[in-house]
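As structure tokens, the structure follows; a few thoughts come after it.
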Amino acid sequence: MIVRPGCAIFLAATMPELPEVETVVRGLRASLPGRTILDVRLGKSDFVDDPSALGDCLPGTRISDVTRLGKFICIVLESLEKSLGPESISAPRLNLIIHLGMTGQLTVRPASDPVAPHTHCFFALDDGRELRYTDIRRFGRMLIVPESRMAEFLGHLGKEPLQIGPDEFCRDLGSRRARIKALLLDQRVLRGIGNIYADESLFRSRIHPAQIAENLGKKQLLALRRAVREILTAAIRLRGSSISDYVDANGKRGEFQQRHRVYQRTGKSCFRCRGKIRRVIVAGRSSHFCPRCQPAPRSREK
């Protein structure tokens, strides 16, 4: 039943990012808790760690919660035996962990609804609906982690950017010689931030993406933490950024892409100074910035 929870965690800085995953989770949390999974049907399953475990372990379990772990969706499942009496109260919980990859979509639909192309997983619910997973490119991931192995799973993930305190943020990032953009993308440092919100946060805090983190002063680091929190909060409020395939749990697109100030705006005018937005490669990823508002770092030791 244990589905390789100790194997390499999906840490790439791919879409969707924290705001999109949080939006999906909130939609699922509004309709899934209390529902029982009756059956599981799979199409292509190369993104599932152990396909047979889904059919063996999930039918007959009740969804008790839906949470977000960085870029992962966690559907918490309880055995129905728990409701039969005190003698079964120790029945183990399972966690269905889902990463949407670049093109994954997780929606709840009436079972009678037409099936979208590239729908690979169907979780039949006791109210006549289905939780469906659709993924054109199948870069996502799905696995079951028992409650006893969740600490091990979480040990691969960094701090929650909306919860990390100012002193902890300055210590964790300001003591490193890595590029600040690379640290923002590193899911072992901060979980949930990807290319979009790293670029937008660095622009708001006027920090060049190639700046060495330990060369930043405390004032700059605190400005970056504030920018990260403001950008992520605003993006959640607008249901995330729909760049390509992302939709929320109800199939609706996000709106925060209309508020992007630098991401994918190469050659366009900066909203702040009217300079031209540039694109460079930092930490192997495209980075968008304004050369006037975010001056290039000078070579110096701290």
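The values are calculated or read from the model by the stated rules, or taken from the named source; none is laboratory data. On a predicted model such as this, the values are computed, not experimentally measured, just so you know. FYI the Cβ positions are ideal-geometry reconstructions off the backbone, even for glycines, and counts take in every protein chain you see.
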With criteria (1) surrounded by 20 or more Cβ atoms within 10 Å (Cβ to Cβ); (2) at pLDDT below 95, Ser148 comes up short on (1)
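Could you please find all residues in the stretch 134-152 being touching a residue at least 24 places away in the same chain (Cβ under 8 Å) and farther than 25 Å from Asp248 by Cβ? Before you say what the answer is, go through the steps one by one.
Kept after step one, since they are touching a residue at least 24 places away in the same chain (Cβ under 8 Å), are these residues of the stretch 134-152: 134-150, 152.
Selection gives Pro146, Glu147, Ser148, Arg149, Met150, Glu152.
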Does Ala91 fit the bill of being over 30 Å from Ala227 (Cα atoms) and at pLDDT below 95? yes
Which residue is surrounded by the fewest Cβ atoms within 10 Å (Cβ to Cβ), if the candidates are limited to the stretch 229-274 and must be of a type in the set (A, V, I, L, M, F, W, C), in a loop (DSSP other than H, G, I, E, B) and at pLDDT 90 or above? Cys273
Return the residues of the stretch 1-31 that are hydrophobic (A, V, I, L, M, F, W, C), within 22 Å of Leu77 (Cα to Cα), modelled with pLDDT of 90 or more and crowded, with 21+ Cβ neighbours inside 10 Å; say none if nothing qualifies. Val21, Val24, Val25, Leu28
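Quick grid of which residues meet (1) touching a Cys at 6+ places or on another chain (Cβ under 7 Å); (2) of a type outside the set (Gly, Ala, Ser):
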{"residue": "Pro110", "(1), (2)": "no, yes"}
{"residue": "Pro117", "(1), (2)": "no, yes"}
{"residue": "His120", "(1), (2)": "no, yes"}
{"residue": "Leu125", "(1), (2)": "no, yes"}
{"residue": "Phe139", "(1), (2)": "no, yes"}
{"residue": "Ile144", "(1), (2)": "yes, yes"}
{"residue": "Arg149", "(1), (2)": "no, yes"}
{"residue": "Gly155", "(1), (2)": "no, no"}
{"residue": "Lys159", "(1), (2)": "no, yes"}
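Specify which of the listed residues (Ala283, Ala234, Ala210) is outside the structural domain of Gly104 (by TED's automatic domain parsing) and in contact with a Ser or Thr (Cβ under 8 Å, 6 or more places away or on another chain).
None of the others qualify; the one that does is Ala210.
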Taking the stretch 109-146 and keeping residues among the β-branched types (Val, Ile, Thr) and more than 19 Å from the chain's Cα centre (by Cα) leaves Val115, Thr119
